[in-house]
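The structure under discussion appears below in the form of structure tokens.
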Amino acid sequence: MNNFRNLSDKELYLICKKWGRAALEARRKFAGLLPEVYKREMSEQGKGRSWLKKRGFFSIYEFAAKLAGMSRDQVDLVLRLERKFEDKPVLRDALVNGNISANKLARVVSIATAENQQEMLGKVETLSKRALEVFVNDFKNQNGLEETKTDNTSLPGHGKFDLNMDLELDDDVKTELIEMKKKGIDVNQLLREFLHERNKKLAREKSRVVEKQIRERDDRAIIGMPANRYVPMEVRKIIVKEFGNKCSTSGCQRFAENLHHEKIFAIDQCHDPRYLKPLCRGHHELAHAGKH
């Protein structure tokens, strides 16, 4: 008998990881068999018999629960997906062969077609569930499949935002703008000038920071010191000034969780704010996967 108490923390973790991965794979393989079990049950019922009852089960739900611990909802999802993928053999094979989990495949079912099924398979194979949600939402918006809105209810810590929201102004600001308009002042032009000056100020701040970073990079190169991957606070402040706390991807209202280097840092060795974009976790993953 194995004495797990003698294992180191690392050894225990690796064993757990090994069997956890094996359990997930076995669960996928089992789930992929359910459509065939269901079809045989239906065929036998048409002949006045029951494929499942002959094996001691009253329904496919009891069969899945006892053999693999699957819930009724999970069984229904697998059976529903198999029907949805009847004209999409690439995705259907991924499901019934247990190569991809039903939960991941379910995320692309609303946008999968016979023409793009191979592309969709590539997405579910390489992207996390979170990134898949973001990809599907972007796909729908870009292809006019639903109203342009970002639904973050499935992502922890995020609410739901309507991108067609009205601009809300504080009462004192609104009052002052109204008074200026009464005086014949072109408020729209005033705001344009303000925005133009704001952009010019940000550009100057970026240039100053970039020049400083280039000098520091050259100094480090002389003494052979490696570049610091930590984004300096002064750069972070500029990014917040420009983008606020939201993802910079057009149409996305999720909170930014990562700063993405559009110029590869390992090559450029510089945190250039002109090429830094704040991204939510999903869009950051898509960016590194070459999808944005």
Q: Write down Rg/Rh for the chain, rounded to two decimals, with Rg from the C-alpha atoms and Rh from the Kirkwood relation over Cα pairs.
A: 1.13
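Net charge within 12 Å of residue 176 by Cβ-Cβ distance, Lys/Arg positive one each and Asp/Glu negative one each, not counting residue 176 itself?
Charge balance in the 12 Å sphere: 0.
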Q.
Straight-line reach only, C-alpha to C-alpha below 21 angstrom: list the lysines that residue 66 could link to, leaving out same-chain residues fewer than 8 apart.
A. 29, 39, 53, 54
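With every protein chain kept in place and ligands, DNA and RNA left out, what is the accessible area per residue of the chain? Probe 1.4 Å, answer in Å². It would help to have the intermediate numbers written out before the result.
Details: 19150 Å² over 292 residues.
Result: 66 Å² per residue.
Roughly to the nearest percent, how much of the accessible area of the range 17-70 is carbon and sulfur, given a 1.4 Å probe?
Details: 2060 of 3590 Å².
Using a 1.4 Å probe with all protein chains present, the range 17-70 comes out at 57 percent carbon and sulfur.
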Q. What net charge do the residues around residue 256 carry, taking every other residue with its C-beta under 15 Å from that of residue 256, with Lys and Arg at +1 and Asp and Glu at -1?
A. +4
Q: Could you run the Karplus curve 6.51 cos²θ - 1.76 cosθ + 1.60 with θ = phi - 60° over the range 248-263 and give me ³J(HN,Hα) per residue in whole Hz, x for Gly and Pro?
A: 7, 5, 4, x, 9, 10, 6, 6, 6, 10, 9, 9, 9, 7, 5, 9
(Q) As I understand it, the dipole of the chain uses +1 on the Cβ of Lys and Arg and -1 on the Cβ of Asp and Glu, about the Cα centre. Which of 251, 286, 213 lies farthest toward its positive end? (A) 286
Q.
For residue 174, give me every one of the aspartates and glutamates with a C-alpha distance below 20 angstrom, ignoring sequence neighbours fewer than eight places off in its own chain.
A. 166, 186, 193
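Within the set 104/140; 183/241; 123/277, which residue pairs have Cα atoms separated by over 20 Å? Before the final figure, lay out each step's value.
On the way: 104/140 17 Å; 183/241 31 Å; 123/277 23 Å.
The answer is 183/241; 123/277.
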Q: For the range 20-146, give the magnitude of the charge dipole about the Cα centre (Cβ charges: +1 Lys/Arg, -1 Asp/Glu; no others), in debye to the nearest 20.
A: 640 debye
Q) In whole Å, how far is the Cα centre of the range 162-227 from that of the range 100-149? A) 36 Å
Q) What dipole magnitude, in Debye to the nearest 20, does the chain give about its Cα centre under +1 on Lys/Arg Cβ and -1 on Asp/Glu Cβ? A) 1180 debye
Q.
Charges on Cβ only, +1 for Lys and Arg, -1 for Asp and Glu, centred on the Cα centroid of the chain; of 6, 141, 187, which one is farthest towards the dipole's positive end?
A. 6
Q. Can you list the residues, at least 5 places off or on another chain, whose amide H is less than 5 Å from the amide H of residue 260, using H built in the peptide plane?
A. 277, 279
Q | Set of lysines near residue 10 by C-alpha distance (under 17 Å), chain-local residues within fewer than 8 positions excluded | A | 18
Q | Dipole of the chain [Lys/Arg +1, Asp/Glu -1 at C-beta], most positive-end residue of 64, 50, 110 | A | 50
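The values are calculated or read from the model by the stated rules, or taken from the named source; none is laboratory data. Treat the numbers as computed from the prediction; the structure is a model and nothing was measured. In this analysis, Cβ positions are derived from the backbone assuming ideal geometry, glycine residues included, and neighbour counts consider all displayed protein chains. Protein only, heavy atoms only, side chains kept; ligands, DNA and RNA dropped before computing areas. Shrake-Rupley method; radii C 1.70, N 1.55, O 1.52, S 1.80 Å.
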